[in-house]
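S.K.: Just dropping this structure here.
The values are calculated or read from the model by the stated rules, or taken from the named source; none is laboratory data. What you see is a predicted model, and the numbers here were worked out from it, not measured in a lab. FYI the Cβ positions are ideal-geometry reconstructions off the backbone, even for glycines, and counts take in every protein chain you see. What goes into the accessible areas is simple: the full protein's heavy atoms, side chains included, and nothing from ligands, DNA or RNA. Shrake-Rupley method; radii C 1.70, N 1.55, O 1.52, S 1.80 Å.
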Amino acid sequence: MPANVVSACTSGHVIYDQPISLQESCTDFITDHLESLCEVQTNVDTNLSKLTFRQHEIFFHNNIGDAIFNKLSAKQKLDDKTLSLFDPRTVLLKHVHLQSDCVSTKGLRVLKSHKLIGVDAVGLQEISVNELIGCLGEWTLANLRSLNVSRTTFTNSAKFCVFVSLSRLKHLLCLNVSSTGFNRHGLEMIVEDLPNLQSLDISSTPVTEILALRKCKNRLKYLSMYNVRVANNSESAAVLGEMKALQHLDISDELSDTNSVSPFPHEKIKMDRLMRSKMLLPNIRSLDISAKLDVTEESLR
């Protein structure tokens with residue numbers, strides 16, 4: 001039984017503790033009945049086919065468009081065919097969530113016509129981050145605020161990790177590259193090329209040196225480094241101590257090394273000495289040091 005349904009029933013009717021909204025109910029209906037609501041149209045000049053709504057005068061603003069797109073993705077119904085439904089003359093998109101490997105770059109090119117400010121593409125293995133960014137329009141590249149590519153590959157067809165496309169996102173505020181092949185070279189590039197970056201998640205990546213973070217020490221507000229291993233502990237602790245703008249810092253670890261998701265043979269960041277500094281992180285609001293066994297009770301006072 002769904003979480004929002006109370007098990008008690010009255011006269012055979014299910015009682016909802018938190019009824020779903022009318023918008024959610026409608027978007028659920030649309031995504032579950034595409035076959036009856038849509039039709040395939042073929043362009044006689046290009047011989048290309050696309051999915052359209054049977055009611056041609058229909059139009060969805062971005063709140064509804066995002067909800068339909070993201071529900072299709074969550075239900076694993078998003079593919080090149082259903083992507084063709086998102087013609088900007090009919091459906092507007094603003095913040096999309098991609099969770100399916102059933103799409104290709106050909107289908108994703110429909111995103112070029114949309115003005116996106118947020119893209120979540122989590123766990124994609126058939127499409128690289130660079131290919132994904134290549135499917136975005138010029139307006140989106142110039143205005144994208146948030147990009148989450150956690151667990152999505154940076155590896156190109158030649159089996160090299162390529163990060164250069166990230167440098168095109170000049171107004172990016174939030175970047176999540178956790179559990180990817182993102183490394184020190186990528187970090188050095190983004191701190192130079194993304195001057196507005198305020199939030200960065202490099203958890204469980206092969207980043208082993210964070211000296212580059214000094215270049216954004218006065219603007220980076222959120223930094224997540226869960227399960228990151230570094231080559232030089234004292235150097236890394238010194239860098240973190242200089243991050244005066246930080247409001248959130250996650251340097252937590254896996255409690256057991258045997259179950260660690262990090263395959264990189266370097267050291268956990270040791271925090272006890274840094275925690276003793278009275279000048280440490282003056283603007284910090286949250287600090288996650290879970291499984292930091294070197295932190296003593298005295299240093300936490």
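S.K.: Report those strands (runs of 3 or more DSSP E) wholly inside segment 34-117 carrying at least 1 residues which are under 25 Å from HIS171 (Cβ atoms).
M.R.: Per the criteria, 95-98.
S.K.: Collect the residues in segment 163-206 that are surrounded by fewer than 16 Cβ atoms within 10 Å (Cβ to Cβ) and outside any helix (DSSP H, G or I), keeping them in residue-number order.
M.R.: Answer for segment 163-206, where residues must be surrounded by fewer than 16 Cβ atoms within 10 Å (Cβ to Cβ) and outside any helix (DSSP H, G or I): LYS170, HIS171, PRO195, ASN196.
S.K.: I want to confirm something. Restricting to segment 23-46 and keeping residues that are under 19 Å from LYS75 (Cα atoms) and open to solvent by 80 Å² or more (accessible area, probe 1.4 Å), which single residue is modelled with the highest pLDDT?
M.R.: By that ranking, first place goes to PHE29.
S.K.: Now, a different point. Report the residue count in segment 104-140 for those that are of a type in the set (A, V, I, L, M, F, W, C) and open to solvent by 10 Å² or more (accessible area, probe 1.4 Å).
M.R.: 4
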